[in-house]
1. What residues have an amide H closer than 5 Å to that of residue 89, excluding those fewer than 5 places away on the same chain, when H is modeled at 1.01 Å from N in the peptide plane?
2. List, in order, the whole-Hz ³J(HN,Hα) value for each residue of the range 95-108 obtained from phi through the Karplus relation with A = 6.51, B = -1.76, C = 1.60 and θ = phi - 60°; use x for Gly and Pro.
3. State the percentage of accessible surface on the range 21-139 attributable to carbon and sulfur atoms; use a 1.4 Å probe and exclude ligands, DNA and RNA.
4. Counting only heavy atoms of the protein chains, get the accessible area per residue of the chain (1.4 Å probe) and round it to a whole Å² value.
5. What full-extension length gain, to one decimal in nm, is calculated for residue 138 and residue 33 as 0.36 nm per residue of separation minus the Cα-Cα distance?
6. Could you give the dipole magnitude of the chain about its Cα centre, charging the beta-carbon of Lys and Arg +1 and that of Asp and Glu -1, in debye to the nearest 20?
7. In whole Hz and in residue order, list the ³J(HN,Hα) couplings for the range 4-16 that follow from phi through the Karplus curve 6.51 cos²θ - 1.76 cosθ + 1.60, θ = phi - 60°; x for Gly and Pro.
8. Tell me, in nm to one decimal, what length is gained between residue 19 and residue 80 on full extension, where the rule is 0.36 nm per residue of separation less the Cα-Cα distance?
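The values are calculated or read from the model by the stated rules, or taken from the named source; none is laboratory data. The shown structure was predicted, so the numbers you read here are calculated from the model rather than taken from an experiment. Glycine gets a Cβ as well: all are built from the backbone with ideal geometry, and neighbour counts include every protein chain shown. For accessibility, only protein heavy atoms count, side chains too; no ligands or nucleic acids. Shrake-Rupley method; radii C 1.70, N 1.55, O 1.52, S 1.80 Å.
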Amino acid sequence: MRYWLFKSEPSTWSWDQQVAKGEIGEEWDGVRNYQARNFMREMKLGDRGFFYHSQKEKSVVGIVEVCAEIHPDSKANDPRWECVDIRAIKPLSTPISLDQIKADPRLEDMILVRNSRLSVQPVSDAEWALICELGGVSP
């Protein structure tokens, strides 16, 4: 299993909206960055990810799971754009802010710290375990 981080502006798609989709999940559509799209091409069923609220909150708020592998983005008119589907698994007991992540030297190499604009990004096993621990959930 691999780990990922999915960023969303809460005003566009929030954790609560993701949770409301239930077991069927939702397309992670609208990604128009080749690097982020290519990361989604690497995802497999059951991979886990952090759901990250960008903009004002800037924090990891929940855990999601890939429930459908790469397929055409239903909102794109261009076949180059693909997406996966994700479903909510559980919220973090304590959301972890970007400031907390940046302040922790154990997370200094995390892509979120170095490239905070990338909407889909991999997370290492060690980063996953640490953020889960800080967020009060079992990895």
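1. Hits under the 5 Å cutoff: 63, 64, 65.
2. Going residue by residue, I get x, 10, 7, 4, 4, 5, 5, 5, 7, 8, x, 5, 10, 5 Hz, with x marking Gly and Pro.
3. Values: 2900 of 6110 Å².
Carbon plus sulfur share of accessible area: 47 percent.
4. Working: 7200 Å² over 139 residues.
Averaged over the residues of the chain, the accessible area is 52 Å².
5. Numbers: separation 105, 0.36 × 105 = 37.80 nm, distance 3.14 nm.
Extra length from residue 138 to residue 33 when fully extended: 34.7 nm.
6. Working: 18 positive and 22 negative charges, 52 e Å.
Value, rounded to 20: 260 debye.
7. So the Karplus estimates, Gly and Pro as x, are 9, 10, 10, 9, 8, 6, x, 6, 9, 8, 9, 4, 4 Hz.
8. Full-extension gain reported as 19.1 nm.
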